[in-house]
1. Just to verify a result, which residue in segment A:67-89, among those that are of a type outside the set (Gly, Ala, Ser) and in a loop (DSSP other than H, G, I, E, B), is surrounded by the most Cβ atoms within 10 Å (Cβ to Cβ)?
2. Return the pair list, or none, for Cβ contacts closer than 8 Å from residues in segment A:134-148 that are at the interface with chain B (Cβ under 7 Å from one of its Cβ atoms) and closer than 14 Å to B:Leu117 by Cβ to residues that are among the hydroxyl-bearing types (Ser, Thr, Tyr) and part of a strand (DSSP E or B), at least 6 apart or on different chains.
3. Residues of segment A:108-145 being under 15 Å from A:Asn10 (Cβ atoms), buried (at least 22 other Cβ atoms within 10 Å of the Cβ) and under 15 Å from the mean Cα position of the chain (by Cα), which ones?
4. Check whether at least one residue in segment A:120-134 is farther than 15 Å from A:Ile3 by Cβ, β-branched (Val, Ile, Thr) and not in a helix (DSSP H, G or I), and report yes or no.
5. Taking A:Ala168 as meeting all but one of (1) more than 9 Å from every other protein chain (Cβ to nearest Cβ); (2) over 20 Å from A:Leu15 (Cα atoms); (3) touching an Asp or Glu at 6+ places or on another chain (Cβ under 7 Å), write down the number of the exception.
6. Just need a number here: residues in segment A:155-172 that are outside any helix (DSSP H, G or I), in contact (Cβ under 8 Å) with a residue 24 or more places away in the chain and surrounded by fewer than 21 Cβ atoms within 10 Å (Cβ to Cβ).
7. Evaluate segment A:173-180: report whether one residue or more is assigned to a loop (DSSP other than H, G, I, E, B), of a type in the set (Val, Ile, Thr), surrounded by 14 or more Cβ atoms within 10 Å (Cβ to Cβ) and touching a residue at least 60 places away in the same chain (Cβ under 8 Å).
8. Here are the criteria: (1) in contact with a Pro (Cβ under 7 Å, 6 or more places away or on another chain); (2) buried (at least 19 other Cβ atoms within 10 Å of the Cβ); (3) not basic (Lys, Arg). Tell me which single one A:Pro24 does not satisfy.
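The values are calculated or read from the model by the stated rules, or taken from the named source; none is laboratory data. It should be emphasised that the depicted structure is a prediction, and the values quoted were computed from it without experimental measurement. Reconstructed Cβ throughout: ideal geometry from the backbone, glycine too, with neighbour counts over all protein chains shown.
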Amino acid sequence: MVIYSVYVVNKAGGLIYQYDNYVPRAEVEKTFSYPLDLVLKHHDEKVVVSFGQRDGIRVGHAVLSINGVDVIGKNTSDGKDILEYLKDPSNYPVSIRFGRARLSSNEKLMLASMFHSLFAIGSQLSPEAGSSGIEMLETDVFKLHCFQTLTGIKFIVLADPRQSGIDALLRKIYEVYSDFALKNPFYSLEMPIRCELFDQNLKSALEVAEKAGNFGAGS
Amino acid sequence: MTVHNLYIFDRNGNCLYYNEWNRKKQAGISKEEEFKLMYGMLFSIRSFVSKMSPLDMYPSHHLSICPPDSLSVHLSSCLWSLSVLRKEGFLSFQTSKYRLHYYETPSGLKFVLNTDLSVTNARDTLQHIYSNVRHTHTHLPMSGFIYRTSRLNCSFSLNYVTFNLLSQRIF
């Protein structure tokens, strides 16, 4: 019963705030001997598994660290290309940690803008007049809730599908935004939010919502 | 409880079937463009969901490799594990006025149903439509001459089947 993350999108579709409350990281570390039976490939500045899924290592998982040292993009921490490093039998046995790749801040920006457009298309393709955009999107793993204010700001919350009380949470986040971001004299509208009080109050609002959600689901 | 419309797309994005029962507002663009926009939106939502998802879409695999003491037991456990591991991904979304339900078959056929907000889960309805349409479509005498991705020409039977199903399950 968890709230995963919060995104705030301005009226142009740009991401102005993002907070990850809970990031479940399923990571697997294993020691391999030459030859490596997984097929790896470059994808988006990362090295991902493309074939050879086994033992919790799935297709799409990225290489996170080699021999305990975190990798940097496509290269090891020493700057060597990972695929070249793994082709060399003298480097074995090697211990590699695989896991779901974290979203970079660029990717989060792109996803937020993508959602902004999808929100608008949801309203355009509506079979009923006067429809809003996408307010809730459900998958088997998470539920995405979106609240658009009258000024065009969207508050997006990703939560567990069984979590209740998200509507109240969205209104509360709007209240926290207007109290600690808008009333901050150094904050400019539509710009990224960098207000400490906003962060603190958002975190406590999330804690309250998670606890209240737990009560609601249990009763 | 109202059903607004139903779209069926093949894996290439061609709209195989569209019907509307209770649509109050048109999209303001031609039907061709509307199908493309709908398909494009669904494609983007699926890619958005797979990137945004905090967990992997597959549930964790707890089944160990069982020794094949009996071939049928082994086979049935394999089939069960395949059904359990098949990801569902994007299921539905709702706005203030309607809810869009989505169902994709393993062959890439996409069923999209727009209903009002009182229908919470139309997934089994869509699965029934799929199995019934497949049954009537492949058992028609002319169906051998119709390529799988051509427009579903047996529209009479499709209308009949969907109307029946929807009236039983939703109205």
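1. In the first step, residues of segment A:67-89 are kept if they are of a type outside the set (Gly, Ala, Ser); the result is A:67, A:69-72, A:74-76, A:78, A:80-89.
Within this subset, residues satisfying the condition of being in a loop (DSSP other than H, G, I, E, B) are A:67, A:71, A:74, A:76, A:78, A:80, A:88.
Working: A:Asn67: 14, A:Val71: 19, A:Lys74: 16, A:Thr76: 21, A:Asp78: 9, A:Lys80: 14, A:Asp88: 11.
Ranking the candidates gives A:Thr76 first.
2. A:Glu138/B:Ser92
3. A:Ala112, A:Phe115
4. Filtering segment A:120-134 for residues farther than 15 Å from A:Ile3 by Cβ gives A:120-134.
Retained after the next criterion (residues that are β-branched (Val, Ile, Thr)): A:121, A:134.
Retained after the next criterion (residues that are not in a helix (DSSP H, G or I)): A:134.
Checked segment A:120-134: at least one residue is farther than 15 Å from A:Ile3 by Cβ, β-branched (Val, Ile, Thr) and not in a helix (DSSP H, G or I).
5. For A:Ala168, the exception is condition (3).
6. We begin by selecting, within segment A:155-172, every residue outside any helix (DSSP H, G or I); these are A:155-165.
Add one more test, that the residue is in contact (Cβ under 8 Å) with a residue 24 or more places away in the chain, and what stays is A:155-160, A:162-165.
If we keep only those that are surrounded by fewer than 21 Cβ atoms within 10 Å (Cβ to Cβ) too, we end up with A:160, A:162, A:164-165.
Result for segment A:155-172: 4.
7. Going through segment A:173-180, the residues assigned to a loop (DSSP other than H, G, I, E, B) turn out to be none.
No, segment A:173-180 contains no residue that is assigned to a loop (DSSP other than H, G, I, E, B), of a type in the set (Val, Ile, Thr), surrounded by 14 or more Cβ atoms within 10 Å (Cβ to Cβ) and touching a residue at least 60 places away in the same chain (Cβ under 8 Å).
8. It fails just one condition, (2).
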